[in-house]
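Asks: Encoded as structure tokens, here's the structure I'll be asking about.
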Amino acid sequence: SDVGDAIVFVTADGELGALDTKTGARTFTASLPGEVVRGATFDAEGWAPANPKGARASATSLPEVLTTIVWDGDRRFWDVKMFAIDELARQPGHDVTEQLLKITEHEGLPPAVYQRAGEALVARKDASAADALARVLERHADYAEGKAAPAVEILARAAGAMKARAAVPALVAHLRRPETPPAALTQIARALAAMGATDALPALH
């Protein structure tokens with residue numbers, strides 16, 4: 001929850017925390033005793049968490065802190081990681097879009113994580129990331145090397161939203177690959193239509 005000068009959160013196992021929105025510094029931490037948190041709302045009127053006495057303000061930016069949370073290897077706290085993705089998506093800048101793209105191409109994450117990062121890319125419509133998106137889509141599944149395809153369905157939606165014509169060749173290549181799921185084929189076709197990529201129409205037949 002964004003409370004102005006801080007972003008506050010609570011995890012399923014009762015950890016409370018706050019991050020400074022300007023520096024990314026951890027400004028508050030506490031724990032709830034015993035109970036599993038199944039839902040939470042915040043009434044933070046008049047509350048202004050400050051750095052602990054004697055602590056130095058971090059020079060790390062908020063997007064960097066949120067990215068660090070996402071890439072933390074501890075797999076017990078996916079709710080915190082999802083929170084970090086949501087907050088990361090609210091930050092401006094091309095670098096943030098690049099980080100969201102990196103999440104979609106990282107193997108081994110739960111499908112919900114790819115979906116959340118992809119939805120953020122769709123909403124951002126950051127045309128400056130078209131070339132980077134095209135590079136991600138150029139990756140294909142390689143069963144011999146144990147490599148999975150990227151999250152083609154949601155990335156195709158993002159390509160259509162940002163009018164990423166640089167991604168057209170990669171999208172057409174996925175259209176022609178037998179492992180591309182039907183839902184992804186539908187989104188690729190919609191993306192090509194949204195971009196007016198009439199030169200790709202033969203691949204749809």
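The values are calculated or read from the model by the stated rules, or taken from the named source; none is laboratory data. Keep in mind that what you see is a predicted model, and the values were worked out from it rather than measured. Here the Cβ is made from the backbone with ideal geometry for all residues, glycine too, and neighbour counts use every protein chain on show. Surface areas here come from the heavy atoms of the whole protein model, side chains and all, with no ligands, DNA or RNA. Shrake-Rupley method; radii C 1.70, N 1.55, O 1.52, S 1.80 Å.
Asks: Regarding region 81-99, can at least one residue be identified that is charged (D, E, K, R) and within 25 Å of ALA173 (Cα to Cα)?
Replies: Yes, region 81-99 contains at least one residue that is charged (D, E, K, R) and within 25 Å of ALA173 (Cα to Cα).
Asks: Restricting to region 103-125, name every residue that is open to solvent by 30 Å² or more (accessible area, probe 1.4 Å) and not in a helix (DSSP H, G or I).
Replies: Result: HIS106, GLU107, GLY108, PRO110, LYS125.
Asks: Same structure, new question: I need a count of the residues in region 178-201 that are modelled with pLDDT of 90 or more and open to solvent by 80 Å² or more (accessible area, probe 1.4 Å).
Replies: Number satisfying all stated conditions: 2.
Asks: Separate question: Considering each of PRO169, PRO178 in turn, give the residue that is part of a helix (DSSP H, G or I), more than 27 Å from ALA89 (Cβ to Cβ) and not hydroxyl-bearing (Ser, Thr, Tyr).
Replies: After applying the criteria, what remains is PRO169.
Asks: Right, another one. Restricting attention to region 56-75, does a residue exist that is more than 22 Å from the chain's Cα centre (by Cα) and either open to solvent by less than 50 Å² (accessible area, probe 1.4 Å) or modelled with pLDDT of 80 or more (or both)?
Replies: Yes, region 56-75 contains at least one residue that is more than 22 Å from the chain's Cα centre (by Cα) and either open to solvent by less than 50 Å² (accessible area, probe 1.4 Å) or modelled with pLDDT of 80 or more (or both).
Asks: Related question: Can you tell me which residue within region 1-37, out of those that are more than 25 Å from PRO92 (Cβ to Cβ) and among the small types (Gly, Ala, Ser), is modelled with the lowest pLDDT?
Replies: GLY34
Asks: A follow-up question, please. Collect the residues in region 149-166 that are open to solvent by 50 Å² or more (accessible area, probe 1.4 Å) and either in a loop (DSSP other than H, G, I, E, B) or touching a His at 6+ places or on another chain (Cβ under 8 Å) (or both), keeping them in residue-number order.
Replies: Passing the criteria: only LYS163.
Asks: While we're on this one: Test ASP131 against the stated conditions and say whether it is in a helix (DSSP H, G or I), open to solvent by 20 Å² or more (accessible area, probe 1.4 Å), within 28 Å of LEU16 (Cβ to Cβ) and not aliphatic (A, V, I, L, M).
Replies: When the stated conditions are applied, ASP131 does not pass them.
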